[in-house]
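Everything on this sheet refers to the single structure shown next.
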Amino acid sequence: MLSVHVHVHVKPGFEEPFLEATLANARQSLAEPGIARFDVGRSPEDPRRFLLVEVYRTPEAPRQHKETPHYALWRDTVAPMMAEPRQSSKFEMLFPEEAAW
């Protein structure tokens, strides 16, 4: 299991359009067999900062996710909304064990 944490900082006034596009992508992503979780969070201190937590079942799943039409639509839609390039970090998931997902 692999968890990818994506930090996004959006331009002023783009908070709601970004959230709408991101939730649409997250909902469609959950239908992918390689995705165990797709969480969307927002900072209570700065409503322009978002966190996406994507948990993948296989090493191939992140690449497969980036090949989907809904990911391409999200990427192209939100790119002009970002105040700075998004940042991501990856973590190997150790607990709970895979069977729990």
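The values are calculated or read from the model by the stated rules, or taken from the named source; none is laboratory data. Since this is a predicted model, take the numbers as computed values, not measurements. With ideal geometry, Cβ positions are generated from the backbone for all residues, glycine too; neighbour counts draw on all protein chains shown.
Please verify whether region 57-71 includes one or more residues that are under 14 Å from residue 9 (Cβ atoms) and buried (at least 16 other Cβ atoms within 10 Å of the Cβ).
Scanning region 57-71, I find no residue that is under 14 Å from residue 9 (Cβ atoms) and buried (at least 16 other Cβ atoms within 10 Å of the Cβ), so the answer is no.
Only one of (1) out of contact with any strand residue (DSSP E or B) (no Cβ under 6 Å at 6 or more places or on another chain); (2) more than 13 Å from residue 10 (Cα to Cα); (3) modelled with pLDDT of 95 or more is not met by residue 39, so which one is it?
So the condition that residue 39 fails would be (1).
Provide a single number: the residues in region 34-51 that are part of a strand (DSSP E or B) and farther than 14 Å from residue 82 by Cα.
8
Determine the pairs where a residue that is more than 21 Å from residue 28 (Cα to Cα) and in contact (Cβ under 8 Å) with a residue 24 or more places away in the chain, located within region 75-88, has a partner that is surrounded by 12 or more Cβ atoms within 10 Å (Cβ to Cβ) and among the aliphatic types (A, V, I, L, M) with Cβ atoms under 7 Å apart, the partner being 6 or more residues away or on another chain.
Here the result reads 82/8; 82/10; 83/10, each pair linking region 75-88 to a residue that is surrounded by 12 or more Cβ atoms within 10 Å (Cβ to Cβ) and among the aliphatic types (A, V, I, L, M).
Got a number for residues in region 1-33 being in a strand (DSSP E or B) and farther than 15 Å from residue 50 by Cβ?
2
Got a sec? Which of 54, 84 is in a loop (DSSP other than H, G, I, E, B) and either touching a helix residue (DSSP H, G or I) at 6+ places or on another chain (Cβ under 9 Å) or charged (D, E, K, R) (or both)?
Answer to the selection: 84.
Every residue in region 20-36 that is closer than 19 Å to residue 76 by Cα and either of a type in the set (S, T, N, Q) or touching a strand residue (DSSP E or B) at 6+ places or on another chain (Cβ under 7 Å) (or both), please.
Across region 20-36, the qualifying residues are 22, 23, 25, 26, 28, 29.
Can you tell me which of (1) modelled with pLDDT of 95 or more; (2) out of contact with any His (no Cβ under 6 Å at 6 or more places or on another chain) is the one residue 53 doesn't meet?
(2)
Based on this model, can you work out whether residue 75 counts as of a type in the set (Lys, Arg), surrounded by fewer than 17 Cβ atoms within 10 Å (Cβ to Cβ) and under 20 Å from residue 1 (Cβ atoms)?
no
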